[in-house]
1. Please give the direction-averaged projected area of the C-alpha convex hull for region 90-189, in square nanometres with one decimal.
2. Please give every one of the lysines within straight-line cross-link reach of K185, meaning a C-alpha to C-alpha distance under 28 Å, and leave out same-chain neighbours fewer than 8 residues apart.
3. Could you give the size of the charge dipole of the chain about its Cα centre, using +1 on the Cβ of each K and R and -1 on the Cβ of each D and E, expressed in debye and rounded to the nearest 20?
4. To one decimal place, what orientation-averaged projected area in nm² is obtained for the convex hull of the Cα set of region 133-190?
5. Largest first, please: the extent of the C-alpha atoms of region 1-52 along each principal axis, to the nearest Å.
6. Compare G111, G78, G149 in a GNM of the chain, Cα atoms joined below 10 Å, and give the one with the largest fluctuation.
7. Per residue, how large is the accessible surface of the chain? Use a 1.4 angstrom probe and give square angstrom.
8. Roughly speaking, what is the centre-to-centre gap between region 83-115 and region 160-190 when only Cα atoms are used, to the nearest Å?
Amino acid sequence: MPEPVIGCLALQGCVDRHRPHIEAAGASFKAVKTAKQFDEIDAFILPGGESTTMLKLIENFDLWDILSQQFAAKPVWGICAGSILLAEIVENPAQKSFGVLPVTAIRNGYGRQLESEIIAVDGYDVSFIRAPILTKPASRVEILHTRNGEPTWIRDGKNMASTFHPELTFDFPSPMHSMFVEIVKKTATA
Ligand code: GLN
């Protein structure tokens, strides 16, 4: 297949840092924020940022229904705030979510900004920034990494979530971007 196009929802949060990782992993990158642009991409990254703000912007721009349809059809990777938006249940406090991933997200589960830190995952440095804790994954969910016994990187078929940011590390591509591009390529040919 031609190089898949991975779109990153560019309403708020950490978007452009994904480009060099996606390109090094063998795909094209596009920042997207309109329904027309969504039709031009093969998969989504829901970036890290502030989930409450992203939620408000999604609703203000009337993108909820179109994004739900897109996530049903295409692979999606939620990062930190993005993983919160994808979870089935959100706590601390509760908020609306797309329910794409059968897992509960506890916002700011590791504490406040001072508890943010860089940790090596599979030998690759990633940043936990006011990250959520993912808990109670459905049994079908593949756990790719845990921290203190709770999943930080999961895969459910065509979808993926990580509570950490791999895109901030200048070593391209990250193993997480490589895996997501592989998932997208396999989904496209399935
Ligand atoms: N704490 C943020 C939230 O609840 C997520 C932080 C991040 O994406 N780095 O949305």
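The values are calculated or read from the model by the stated rules, or taken from the named source; none is laboratory data. All figures in this text were calculated on a predicted structure; none of them were measured in a lab. Here Cβ is always computed from backbone atoms with ideal geometry, including for glycine, and neighbour counts include all displayed protein chains. We work out accessible area using only protein heavy atoms, side chains counted, and drop any ligands, DNA or RNA first. Shrake-Rupley method; radii C 1.70, N 1.55, O 1.52, S 1.80 Å.
1. On the way: hull surface 27.9 nm².
Over all viewing directions, region 90-189 projects a mean Cα-hull area of 7.0 nm².
2. Cross-link targets: K30, K33, K36, K74, K158.
3. On the way: 18 positive and 22 negative charges, 52 e Å.
In total the dipole reaches around 240 debye.
4. Details: hull surface 18.1 nm².
Taking the Cα atoms of region 133-190, their convex hull projects to 4.5 nm² on average.
5. Sorted from largest, the Cα extents of region 1-52 read 37, 24, 11 Å.
6. G149
7. Working: 8340 Å² over 190 residues.
I get 44 Å² per residue for the chain.
8. Taking the Cα centre of region 160-190 as reference, the centre of region 83-115 is 21 Å away.
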